[in-house]
Structure formats: structure tokens, C-alpha cells
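Step one of this worksheet: look at the structure below.
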Amino acid sequence: MVYDAGCGPCSRFKRTVGFLDVRRRIDFASLEVADSAGMLNPIPAPGRHRSFHLLPPSGGWLSGASALPELLRPLPGGWATSRVLAGAPGCMEAASFVYSV
């Protein structure tokens, strides 16, 4: 997970995810470190510093609210929560709204 280390809410979100990730399956990197290491190269430059990004080991990238279901999966109870979030009508729209606020 790549996040903005200079943003208070972003850092709290990272700490919460880290706390919930009891099996330590998620690695974290700041936007600055990830960008300078080339990890964000697939992401268009204007969007690199607008939200958090998830870079799964399988490749590709997800950002912001669209990354939430994938981010939840490795957390305890996350598999079921991610399925509900991704599959239930209106859940992703609600997550996008909350994330944008």
C-alpha cells in the first residue's frame, strides 16, 4: 500500500490498516519513496499523489475507493467484507462517496 506520509488522515489510515493486518501481509511505502523507486510508473503522473494506491504482487494497481475491496482481503474477516463491498448494490458507490469526503 502506497500512501501520503505527510497527510494526517492518510497516516492514520495506514496505521489502522497496519494494526488490523495481524499476519503482516501488507507492505507500506510513502508516495515519495514509491514514486522515486519507480513503483508508481504505471500510474498516470497527475493521479499519483491524489490517493492511496495498492500495488498487488500479481501486478497492476488500484487507487482510492476502488482499491478498498482488495485491501480488505488479507485482513481478519476481510474476505467476506470485501465481497460484500464489491458485490452488494450501492456499496462501492457509498465507499467512493465516503472516500471522496
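Here are some notes:
- Number of positions in the range 14-49 that are under 17 Å from Ala65 (Cβ atoms) and in contact with a strand residue (DSSP E or B) (Cβ under 7 Å, 6 or more places away or on another chain): 3
Residue-by-condition table, conditions (1) part of a helix (DSSP H, G or I); (2) surrounded by 16 or more Cβ atoms within 10 Å (Cβ to Cβ); (3) within 12 Å of the chain's Cα centre (by Cα):
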site: Arg15; (1), (2), (3): yes, no, no
site: Gly18; (1), (2), (3): yes, no, yes
site: Asp27; (1), (2), (3): no, no, yes
site: Asp35; (1), (2), (3): yes, yes, no
site: Gly60; (1), (2), (3): no, no, no
site: Leu75; (1), (2), (3): no, yes, no
site: Val84; (1), (2), (3): yes, no, no
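- Residue among Ala80, Ala67, Ala95 that is out of contact with any helix residue (DSSP H, G or I) (no Cβ under 6 Å at 6 or more places or on another chain), surrounded by 16 or more Cβ atoms within 10 Å (Cβ to Cβ) and either in a helix (DSSP H, G or I) or without any contact (Cβ under 8 Å) to a residue 60 or more places away in the chain (or both): Ala67
- Condition met for Pro89 (on the phi < 0 side of the Ramachandran plot, part of a loop (DSSP other than H, G, I, E, B) and either of a type in the set (Gly, Ala, Ser) or free of Cβ contacts under 8 Å to residues at least 24 places away in the same chain (or both)): yes
- Take the conditions (1) open to solvent by 30 Å² or more (accessible area, probe 1.4 Å); (2) in contact with a strand residue (DSSP E or B) (Cβ under 9 Å, 6 or more places away or on another chain); (3) under 19 Å from Ser100 (Cβ atoms); (4) touching a residue at least 12 places away in the same chain (Cβ under 8 Å); Phe52 misses just one of them, which is (1).
- All of (1) open to solvent by 50 Å² or more (accessible area, probe 1.4 Å); (2) touching a residue at least 12 places away in the same chain (Cβ under 8 Å); (3) outside any helix (DSSP H, G or I); (4) not β-branched (Val, Ile, Thr) hold for Asn41 with one exception: (2).
- Of the residues screened, Arg23 is not one that is assigned to a helix (DSSP H, G or I) and open to solvent by 50 Å² or more (accessible area, probe 1.4 Å).
The values are calculated or read from the model by the stated rules, or taken from the named source; none is laboratory data. Since this is a predicted model, take the numbers as computed values, not measurements. Neighbour counts run over all protein chains shown; Cβ positions are idealised from the backbone, glycine included. Calculation scope for accessible area: heavy atoms of the full protein, side chains included, ligands and nucleic acids excluded. Shrake-Rupley method; radii C 1.70, N 1.55, O 1.52, S 1.80 Å.
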